[in-house]
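A short worksheet on the structure shown next.
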Amino acid sequence: MLFVGDGSLGMSLAEIETAVRERTPIAIVVMNDCGYGNIKQEELHYFGPRYIGVDFTDVRYADVAKAMGAAGERVTQPGDLQAALARALASDVPYLVDVMIDPAQNVWDEPI
């Protein structure tokens, strides 16, 4: 199982096609906050609310995965996550679970 943010997935998105071609039944869980969340939080921490190039449009990663021959679904409610993960782990093809998370959540709560 792979856990990845949407920004990191965007840098390696083509590897889903590789997993499909090689018949690798990997479960991919994308924590999707529609941007480079960690970089945005770092900018806020060091420079205040001045953001450059860190916000994305709403990319539907499950649909992108399906276009490459994988399976996938989007999760928007916490109560739906467990069943989606079970489907991903039971799949015999690469399966992407696109988990929408709150972009306002900040992991930079502690001073550096």
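Things worth noting here:
- Residues (open to solvent by 80 Å² or more (accessible area, probe 1.4 Å) and either basic (K, R) or over 21 Å from D102 (Cβ atoms) (or both)) located in the range 64-83: K66, A67
- Some residue of the range 57-67 being in contact with a helix residue (DSSP H, G or I) (Cβ under 8 Å, 6 or more places away or on another chain), assigned to a loop (DSSP other than H, G, I, E, B) and without any contact (Cβ under 8 Å) to a residue 60 or more places away in the chain: yes
- V54 satisfies every condition listed in (1) more than 20 Å from L2 (Cβ to Cβ); (2) touching a helix residue (DSSP H, G or I) at 6+ places or on another chain (Cβ under 7 Å); (3) loosely packed, with under 14 Cβ neighbours inside 10 Å except (3).
- Note on the range 1-14: residues that are under 15 Å from D63 (Cα atoms) and over 8 Å from the mean Cα position of the chain (by Cα) amount to 3.
- Between I16, I28, the distinction of being open to solvent by less than 70 Å² (accessible area, probe 1.4 Å), part of a helix (DSSP H, G or I) and either in contact with a helix residue (DSSP H, G or I) (Cβ under 9 Å, 6 or more places away or on another chain) or free of Cβ contacts under 8 Å to residues at least 60 places away in the same chain (or both) belongs to I16 only.
- Residues satisfying the criterion are absent from the range 75-90 (criterion: outside any loop (DSSP other than H, G, I, E, B), under 21 Å from L2 (Cα atoms) and touching a Lys or Arg at 6+ places or on another chain (Cβ under 8 Å)).
The values are calculated or read from the model by the stated rules, or taken from the named source; none is laboratory data. This structure is a prediction, so every number in the text was calculated from the model and none was measured. Ideal geometry is used to build each Cβ from the backbone, glycine not excepted, and the neighbour counts take in all protein chains shown. Side chains included, ligands, DNA and RNA excluded: accessible areas come from the protein's heavy atoms. Shrake-Rupley method; radii C 1.70, N 1.55, O 1.52, S 1.80 Å.
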